[in-house]
Amino acid sequence: MQEILQEVARLDADVPSDLKEILPKGKRHPNDRPLGPLKTRGATSGIVARVTGGQYDEIARYGDCERTEVTFSVSKSYLSALAGIAWRDGLITDIDEPVRNKVDDGGFESPHNGHITWRHLLQQTSEWEGELFGLPDAIDRGRQVSGDAGSTVGGSADGVRSLKAPGEFWEYNDVRVNRLSLCLLRLFQEPLPEVLKREVMDPIGAGDTWQWHGYETSWVDVGGRQVQSVSGGAHWGGGIWINSQDHARFGALYASSGTWEGREIIPRQWIAMSMQPALLNAGYGFLWWLNHDAALSTIAPPSAFAARGAGGHEIFVWPEEQLIIVLRWCADASKAIDLVLAELGY
């Protein structure tokens with residue numbers, strides 16, 4: 001396995017140390033620029049792990065797996081987990097209910113936005129219209145991102161297309177993902193990093209080095225105090241910063257259908273719903289990429305799924321095999337996954 005991992009390690013993403021070089025530079029809008037913190041990238045690293053008898057079991061690793069790294073759109077899948085916690089706790093009672101029934105902050109008052117449901121936000125079909133934290137939704141309209149989202153920072157938006165009705169168009173739009181993040185903050189009435197730590201990361205034994213950042217513009221009033229609404233996509237900086245070890249544990253939680261050492265953390269039913277293909281994009285679930293048409297792996301079945309982020313960050317999960325592969329700064333995640341799976345005998 002170590003020989004194969006050495007080969008995987010050589011698939012180093014073509015990403016500069018200074019991540020500001022790959023983020024937007026204000027060409028489409030004055031705020032289309034780094035709004036959240038960034039840090040220099042490290043070397044490529046990764047972990048292969050299983051869940052055996054309900055216990056997390058690391059098989060192999062390469063690189064510095066303890067280094068906290070920017071993770072870009074992998075942050076979306078952590079946001080999906082928090083939506084599952086909100087559903088578990090009754091803060092979301094029906095994912096097909098209009099969001100305006102639970103969130104009354106002006107973001108869903110228009111006739112257009114009033115039809116947006118939680119499912120729309122989670123599947124990126126909301127077509128939410130407006131400005132959030134100084135960023136108009138149109139800044140990400142027309143953005144071209146495929147199942148290989150980890151290869152770039154999201155492609156380019158080719159002009160401002162006309163909106164469709166909520167649920168009628170799939171689009172990878174980080175303004176709308178950040179709108180979901182703010183909605184969950186409104187539901188929990190406390191900072192999302194605190195909720196994630198208490199409800200997910202501490203129960204699965206994650207370390208204390210991970211962080212979740214928002215933007216300089218994303219401070220809002222919650223119960224009389226100023227709270228930063230965190231970035232769900234990190235398109236403009238911020239997002240989840242985390243090491244490979246904790247990524248692997250998070251992946252193992254999903255490999256086990258939300259159960260950790262016999263305790264249900266995220267409802268099994270929620271995770272099953274999360275991996276149902278969106279009607280408008282069979283390769284996408286609730287902010288997770290699905291192995292539709294072997295987009296993630298030519299070896300694993302369609303039931304496999306992954307959290308993916310720009311720069312080659314990935315948490316790949318094959319639930320039937322209870323297998324997890326974490327990749328950081330990998331130039332070709334699908335190739336790396338298949339190299340590892342072949343070495344494991346699949």
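Among the acidic types (Asp, Glu) and modelled with pLDDT of 95 or more, is that true of Asp12? Give the steps one after another, and end with the answer.
Details: among the acidic types (Asp, Glu): yes; modelled with pLDDT of 95 or more: yes.
In short, yes.
Just checking, which of Leu82, Leu91 is crowded, with 23+ Cβ neighbours inside 10 Å and in contact (Cβ under 8 Å) with a residue 60 or more places away in the chain?
Residue meeting the stated conditions: Leu82.
May I ask you to verify whether Ile59 is of a type in the set (Val, Ile, Thr) and buried (at least 23 other Cβ atoms within 10 Å of the Cβ)? Spell out how you get there, then give the answer.
On the way: of a type in the set (Val, Ile, Thr): yes; buried (at least 23 other Cβ atoms within 10 Å of the Cβ): no.
In short, no.
For Glu216, indicate whether it is open to solvent by 40 Å² or more (accessible area, probe 1.4 Å), at positive phi and touching a residue at least 24 places away in the same chain (Cβ under 8 Å).
Numbers: open to solvent by 40 Å² or more (accessible area, probe 1.4 Å): yes; at positive phi: no; touching a residue at least 24 places away in the same chain (Cβ under 8 Å): yes.
So Glu216 does not fit the description; no.
Considering each residue of segment 177-205, count those that are assigned to a helix (DSSP H, G or I) and more than 27 Å from Pro136 (Cβ to Cβ), and give that number. Explain how you work it out, then say what you get.
Kept after step one, since they are assigned to a helix (DSSP H, G or I), are these residues of segment 177-205: 177-188, 192-201.
Now drop any that are not more than 27 Å from Pro136 (Cβ to Cβ), which leaves 194-201.
Here the count works out to 8.
I'm checking my understanding of the structure. Among residues of segment 25-55 that are of a type in the set (Lys, Arg) and either more than 19 Å from the chain's Cα centre (by Cα) or buried (at least 18 other Cβ atoms within 10 Å of the Cβ) (or both), which one is farthest from Trp236 (Cα to Cα)? Don't jump to the end; show me each part of the working.
First, pick out the residues of segment 25-55 that are of a type in the set (Lys, Arg): 25, 27-28, 33, 39, 41, 50.
Now narrow it down to the ones that are either more than 19 Å from the chain's Cα centre (by Cα) or buried (at least 18 other Cβ atoms within 10 Å of the Cβ) (or both): 25, 27-28, 33, 41, 50.
Values: Lys25: 10, Lys27: 13, Arg28: 13, Arg33: 6, Arg41: 16, Arg50: 33 Å.
Residue satisfying both the conditions and the ranking: Arg50.
Identify the residue in segment 292-321 that is in a helix (DSSP H, G or I) and of a type in the set (D, E, K, R) and, among all such residues, is least open to solvent (accessible area, probe 1.4 Å). Even if it seems obvious, please write down each step before you answer.
We begin by selecting, within segment 292-321, every residue in a helix (DSSP H, G or I); these are 292-294, 319-321.
Now narrow it down to the ones that are of a type in the set (D, E, K, R): 293, 320-321.
Details: Asp293: 130, Glu320: 112, Glu321: 67 Å².
Looking at residues that are in a helix (DSSP H, G or I) and of a type in the set (D, E, K, R), I get Glu321.
Can you tell me which residue within segment 125-151, out of those that are more than 26 Å from Glu109 (Cβ to Cβ) and buried (at least 18 other Cβ atoms within 10 Å of the Cβ), is modelled with the highest pLDDT? Outline the logic, then answer.
At the first step, the residues of segment 125-151 found to be more than 26 Å from Glu109 (Cβ to Cβ) are 144-151.
Remaining after also requiring buried (at least 18 other Cβ atoms within 10 Å of the Cβ): 145, 147, 149-151.
Working: Val145: 59, Gly147: 44, Ala149: 39, Gly150: 36, Ser151: 34.
That would be Val145.
Of all residues in segment 227-284, how many are open to solvent by 10 Å² or more (accessible area, probe 1.4 Å), touching a residue at least 24 places away in the same chain (Cβ under 8 Å) and in a strand (DSSP E or B)?
7
Can you tell me which residue among Ile337, Ile324 is under 18 Å from the mean Cα position of the chain (by Cα) and not in a loop (DSSP other than H, G, I, E, B)?
Just one listed residue meets the conditions, Ile324.
The values are calculated or read from the model by the stated rules, or taken from the named source; none is laboratory data. Note that this is a predicted model, so its numbers are computed, not measured. Don't worry about glycine lacking a Cβ; one is built from the backbone with ideal geometry, like all the others, and counts go over all protein chains shown. These area figures cover heavy atoms from the full protein model, side chains too; ligands, DNA and RNA do not enter into them. Shrake-Rupley method; radii C 1.70, N 1.55, O 1.52, S 1.80 Å.
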